[in-house]
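Everything on this sheet refers to the single structure shown next.
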Amino acid sequence: MAPRLTPVRLEGLRDEGAPDFRRAERYDGMRYSRAAADGLELSGITFAECEFAGVSFNEAQLRGATFRDCVIGEAYAPVFNAARSTMHDVIFSNPRWGSAELYESGWQSVRIDGGKLDYLNLRGSGLADVQISDCIISELDLGSATAARIALKNCTIGTLELAGARLKDFDLRGTDFRSISGLDSLAGVVIDEYQLGLLAPLLAAHLGMVVA
């Protein structure tokens, strides 16, 4: 079953020239252009029905933040700290993240289109209706996550960590990967015949089989 993605429609937004973001505050119906929040303490902040045309969150503390009905273009963060955050009806376009610490987060109807992510840590997260397309990810950590209706389309992934994950309708077709760990958690993953050939040596080694 494919992800059920809710369209994000933003109307009547107010332009904000030089935003002054503060911890635990709520921001509604705003449009930000090249906003900078580097190094700020923004735990518990909420953005609802907002558009970002370029934003830098490098080393900002976004623990427990909420993004709802948001379009976020060209998000930049060599270090992205947003553990236990909530993403609901969010579109990321061409993000550039180094170490993205998003563990124990909740994602519902989230799209990531394009971009390059060095390390995406979603360990222990709850994910539903997520689509990641045309993205380069060096390491994707879904250990102990619960994920349903996920599609990775035309992505390149170095290492995919699935140990302890509970997956349903997790579509990997068309995505290249170099290695997968957590082979016991592959139930619920959809792959194509080419990917099955790539996985065969890993599965044989995991099961103790000898191919002669």
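Here are the numbers:
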{"quantity": "Residue ID - most open to solvent (accessible area, probe 1.4 Å), chosen from residues in segment 28-44 that are within 26 Å of E11 (Cβ to Cβ) and of a type outside the set (A, V, I, L, M, F, W, C)", "calculated": "R34"}
{"quantity": "Qualifying residue in segment 160-178 (condition: of a type in the set (S, T, Y) and surrounded by fewer than 18 Cβ atoms within 10 Å (Cβ to Cβ))", "calculated": "no"}
{"quantity": "Checklist (1) touching a strand residue (DSSP E or B) at 6+ places or on another chain (Cβ under 7 Å); (2) closer than 24 Å to D69 by Cα applied to I137, failing item", "calculated": "(2)"}
{"quantity": "Checking Y76 against (1) assigned to a loop (DSSP other than H, G, I, E, B); (2) under 19 Å from the mean Cα position of the chain (by Cα); (3) modelled with pLDDT of 95 or more, the condition it does not meet", "calculated": "(1)"}
{"quantity": "Residue that is nearest to A163 (Cα to Cα), among those in segment 91-112 that are open to solvent by 40 Å² or more (accessible area, probe 1.4 Å) and within 11 Å of the chain's Cα centre (by Cα)", "calculated": "Y103"}
{"quantity": "Segment 63-78, subset in contact with a Ser or Thr (Cβ under 6 Å, 6 or more places away or on another chain) and open to solvent by less than 50 Å² (accessible area, probe 1.4 Å), residue farthest from S43 (Cα to Cα)", "calculated": "G73"}
{"quantity": "Hits in segment 1-21 - residues which are assigned to a loop (DSSP other than H, G, I, E, B), open to solvent by 100 Å² or more (accessible area, probe 1.4 Å) and within 16 Å of E49 (Cα to Cα)", "calculated": "R9, E11"}
{"quantity": "Search result, residues across segment 33-68 that are outside any strand (DSSP E or B) and within 13 Å of A83 (Cα to Cα)", "calculated": "L42, S43, G44, I45, E59, A60, L62, R63, G64, A65"}
{"quantity": "Unmet criterion (only one of (1) farther than 19 Å from G126 by Cβ; (2) modelled with pLDDT of 95 or more) for E101", "calculated": "(1)"}
{"quantity": "Count - residues of segment 119-178 that are among the hydrophobic types (A, V, I, L, M, F, W, C), under 14 Å from the mean Cα position of the chain (by Cα) and outside any strand (DSSP E or B)", "calculated": "5"}
{"quantity": "Enumeration of residues in segment 131-159 that are open to solvent by 40 Å² or more (accessible area, probe 1.4 Å), within 21 Å of L102 (Cα to Cα) and either among the polar types (S, T, N, Q) or touching a helix residue (DSSP H, G or I) at 6+ places or on another chain (Cβ under 9 Å) (or both)", "calculated": "S138, S144, T146, T156, T159"}
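The values are calculated or read from the model by the stated rules, or taken from the named source; none is laboratory data. Please read these numbers as outputs of a predicted model, since none were measured by experiment. Every residue, glycine among them, receives a Cβ derived from its backbone with ideal geometry; neighbour counts consider all protein chains shown. Keep in mind that these areas ignore ligands, DNA and RNA; they rest on the heavy atoms of the full protein, side chains included. Shrake-Rupley method; radii C 1.70, N 1.55, O 1.52, S 1.80 Å.
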